[in-house]
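Below is one structure, written out as C-alpha cells; comments come after it.
Values quoted throughout were computed directly from the atomic coordinates according to the rules given, and no laboratory measurement underlies them. Just so it is clear, the structure is predicted and the values come from calculations on it, not from any experiment. All Cβ positions, even for glycine, are placed from backbone atoms using ideal geometry, and neighbour counts span all protein chains on display.
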Amino acid sequence: AQSVTQLDSQVPVFEEAPVELRCNYSSSVSVYLFWYVQYPNQGLQLLLKYLSGSTLVKGINGFEAEFNKSQTSFHLRKPSVHISDTAEYFCAVSRSIQGAQKLVFGQGTRLTINP
Amino acid sequence: AAGVIQSPRHLIKEKRETATLKCYPIPRHDTVYWYQQGPGQDPQFLISFYEKMQSDKGSIPDRFSAQQFSDYHSELNMSSLELGDSALYFCASSLVPTEAFFGQGTRLTVV
C-alpha cells in the first residue's frame with residue numbers, strides 16, 4: 001500500500017522569499033506523484049504531476065517539484081512566493097498501472113505568506 | 001474548458017436523514033472518484049467507477065452507496081446520516097491514467 005507523509009503541517013514565509021514544501025512517499029511499486037493546492041472553501045487544483053521522464057517537473061503559478069526515487073521524495077518549491085499563494089497544499093500518490101487508480105493524499109501543508 | 005460539476009454546493013440535513021450528491025464529470029472522462037474531506041483533514045478516498053463499473057472501494061461506510069449512470073454522471077447516496085458525516089465531499093474525474101480533476105465539492109452539514 002502507498003502512503004504519503006508531508007513533513008510540515010504549517011509553513012510560514014515572508015512574501016518574495018523562497019519556499020519548499022516537503023513530501024515523502026512509500027510504495028512497493030512505481031507511482032505517479034502529484035501536488036494539489038486548495039484555496040479556502042475551494043476544490044483541489046492540480047499544481048503539477050510526475051508520471052515519467054524528467055525528474056524536475058514544472059507546474060502552474062511558478063511552482064516546480066523534483067522526483068527523487070532514491071530518497072522517495074517529491075518536494076515542492078517556488079523561488080519567490082506571493083500573498084496569493086496562501087493555501088493548503090496536498091501531495092498525493094497513485095500507482096502507475098493502467099486502470100482507475102485512487103489518489104492517496106498526505107496530511108497537507110498550510111502555507112501562509114506574510115507581507 | 002468544462003470542469004467537474006457537483007451539486008448541490010451546500011447541503012444541510014438532520015441526523016438519520018438521507019442525502020444524494022451528484023457529480024457530472026468532464027466530458028469524455030471515463031473514471032469518477034469520490035472523496036471525503038473532514039474538517040482540517042486530507043481527502044479520503046471513498047469509491048471510484050471506471051466505465052460505469054465500480055473499480056475501487058475505500059473507507060466508505062455501508063450506509064453510503066454510489067453508482068455511475070449511462071451518461072457517466074455519478075451519485076453518492078448517504079443514508080442514516082450521522083453528525084460525523086459532516087464534511088466536504090469531492091468528486092473527481094479522469095481519463096485514465098492521467099491526473100484527476102476535482103470539482104468544487106459539496107459541503108454537507110448534518111445537524
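Listing for the model above:
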read-out: Gain on full stretching of the segment that runs from B:Leu83 to B:Ser59 - 0.36 nm per residue minus C-alpha separation; value: 6.9 nm
read-out: Per residue convex hull volume, Cα atoms of region A:33-115, in Å³; value: 109 Å³
read-out: Contact order relative to length of region B:1-49, as percent, for alpha carbon pairs under 8 angstrom and 6 or more apart; value: 30 percent
read-out: Residues of type lysines that A:Lys78 reaches as a straight line, Cα spacing below 28 Å, ignoring anything fewer than 8 places off in the same chain; value: A:Lys49, A:Lys58, A:Lys69, A:Lys102
read-out: A:Val29 paired with A:Asn41, simple spin-label distance in nm, labels 7 Å along Cα-to-beta-carbon; value: 4.0 nm
read-out: Relative contact order of chain B, pairs being alpha-carbon contacts under 8 Å that are 6 or more residues apart, as %; value: 37 percent
read-out: Those residues of region A:33-71 whose amide nitrogen sits under 14 Å from the label point placed on A:Thr5, 7 Å along Cα→Cβ; value: A:71
read-out: Simple Cβ-charge dipole of the protein assembly as shown, Lys/Arg +1 and Asp/Glu -1, about Cα centre, in debye nearest 20; value: 240 debye
read-out: Alpha-carbon gyration tensor eigenvalues x 5, square-rooted, for region B:1-106, Å; value: 22, 14, 13
read-out: Dipole moment magnitude, nearest 20 debye, chain A about Cα centre, only Lys, Arg, Asp, Glu C-beta charged; value: 440 debye
read-out: Cβ-based charge dipole, chain A, positive-most Cα from A:Ser27, A:Thr5, A:Gln107; value: A:Ser27
read-out: Alpha-carbon centroid distance for the pair region B:24-87 / region A:65-115, whole angstrom; value: 23 Å
read-out: Cut-off 13 Å between beta-carbons: net charge of the residues surrounding A:Lys58, Lys and Arg +1, Asp and Glu -1; value: +1
read-out: Size of charge dipole - region B:46-111 - debye, nearest 20, with Cβ of Lys, Arg +1 and Asp, Glu -1, no other charges; value: 80 debye
read-out: Alpha carbon Rg of the protein assembly as shown, scaled by the compact-globule rule 2.2 N^0.38 Å; value: 1.02
read-out: Leading residue at positive end of dipole, the protein assembly as shown (Cβ point charges), from B:Phe90, A:Thr86, A:Phe63; value: B:Phe90
